Amino acid sequence: SEKLLSVIDKESEHDSVEIKDVLARFTTDVIGSAAFGLECDSLENRNSKFYEMGTRIFSTPSNLFKRFLKSTYRDISRKLKIKLLSEDIADFYMSITKDTVAYREENPNVKRNDFMNLLVEMKKEKIVTVEQIAAQSFIFFLAGYETSSSTMTYCMFELALNQDIQEKARESVLKILDKYDNKFTYDSVSEMNYLDQCVNETLRKYPVVTNLQRTAVKDFKIPSINREISKNQQIWVPVYAIHHDEEIYPDPEKFDPDRFTTEEV
């Protein structure tokens, strides 16, 4: 986070800052560290391999169609051997996983309390293979990289538009930091409730996943509409539509963190 502030200071010397790009590089570094145990240096080096690969995953148009096929027609996708990732991207993540696992195993004194450490311990107990470690770390990275940077970008956008809310958020953070000797600790951050409300309202107005797909594991009758969902039936949950339904969230286009006070929730 200190690196992030330094980079924003440096880049804001120009006329404007492309904040989405900066935050995407930030989340690449955070998750690269937590999931793979690596210093990616994407914040200071826009050309880092880790950032390049992460960007390519989300910017390749063909991936959207493949993702639709994989999630909707799984059996057909398996038979056709459809892959979501190009070979070079898959090879990159497999290679860094193998290198990291080998380094940890050869240097047992190196301890990091991260996701990779948990998986390496499971490998020792023969619970997972190195391929499964690569898959789990990749999903961890994929789930956090784009979602987190998008949410932060939209949150900053709304705080810029709503100066009163921005000021309230800032005051609440400073008040809690004062209580904890100006230190960001687990406990101090946990008490930043208004900031949490701002993030929740951002996710309400700008859900990072607009639709959720689920498959029923058993027959289920929905009492309110007297409709039955059959086992193995695919369900689409229209998240964006629910979040912008006036009956659930009055004045849905208004950014209002007070929707998520303890009483309202």
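The values are calculated or read from the model by the stated rules, or taken from the named source; none is laboratory data. Quantities reported herein were computed from a predicted structural model and do not represent experimental measurements. As a convention, Cβ positions derive from the backbone with ideal geometry for all residues, glycine included, and neighbour counts pool all protein chains shown. The area values use the complete protein model at the heavy-atom level, side chains included, leaving out ligands, DNA and RNA. Shrake-Rupley method; radii C 1.70, N 1.55, O 1.52, S 1.80 Å.
Key figures for this structure:
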item: Filtered residues of the stretch 245-259 (kept if open to solvent by less than 70 Å² (accessible area, probe 1.4 Å) and either under 23 Å from Asp164 (Cα atoms) or touching a residue at least 60 places away in the same chain (Cβ under 8 Å) (or both)); result: Tyr249, Pro252, Phe255, Asp256, Pro257, Asp258, Arg259
item: Criterion: of a type in the set (Lys, Arg) and in contact with a strand residue (DSSP E or B) (Cβ under 7 Å, 6 or more places away or on another chain) - qualifying residue of Arg214, Arg227; result: Arg214
item: Single condition Gln213 does not satisfy, out of (1) in a helix (DSSP H, G or I); (2) out of contact with any Leu (no Cβ under 6 Å at 6 or more places or on another chain); result: (1)
item: Residue list for the stretch 175-197, filter: open to solvent by less than 70 Å² (accessible area, probe 1.4 Å) and under 17 Å from Phe255 (Cβ atoms); result: Tyr194, Leu195, Gln197
item: Qualifying residues in the stretch 198-210 (those that are open to solvent by 50 Å² or more (accessible area, probe 1.4 Å) and assigned to a helix (DSSP H, G or I)) - the one farthest from Glu171 (Cα to Cα); result: Leu203
item: Val17 vs. criteria in contact (Cβ under 8 Å) with a residue 12 or more places away in the chain, surrounded by 13 or more Cβ atoms within 10 Å (Cβ to Cβ), more than 20 Å from Thr147 (Cβ to Cβ) and more than 20 Å from the chain's Cα centre (by Cα); result: no
item: Those residues of the stretch 62-101 which are among the charged types (D, E, K, R), farther than 25 Å from Val209 by Cβ and either modelled with pLDDT under 85 or surrounded by fewer than 12 Cβ atoms within 10 Å (Cβ to Cβ) (or both), in sequence order; result: Lys79, Lys81, Glu87, Asp88, Asp91
item: Hits in the stretch 229-240 - residues which are under 27 Å from the mean Cα position of the chain (by Cα) and exposed (fewer than 11 other Cβ atoms within 10 Å of the Cβ); result: Trp236
item: Restricting the stretch 26-45 to residues that are under 16 Å from Ser149 (Cα atoms) and in contact with a Lys or Arg (Cβ under 7 Å, 6 or more places away or on another chain), the residue that is surrounded by the fewest Cβ atoms within 10 Å (Cβ to Cβ); result: Leu43
item: Conditions (1) in contact with a Phe, Trp or Tyr (Cβ under 9 Å, 6 or more places away or on another chain); (2) farther than 19 Å from Tyr51 by Cα; (3) open to solvent by less than 60 Å² (accessible area, probe 1.4 Å): number failed by Tyr154; result: (3)
item: Helices (runs of 4 or more DSSP H) wholly inside the stretch 75-193 containing at least 2 residues that are free of Cβ contacts under 8 Å to residues at least 12 places away in the same chain and within 22 Å of the chain's Cα centre (by Cα); result: 130-161, 186-190
item: Some residue of the stretch 216-228 being surrounded by 12 or more Cβ atoms within 10 Å (Cβ to Cβ), touching a residue at least 60 places away in the same chain (Cβ under 8 Å) and aliphatic (A, V, I, L, M); result: no
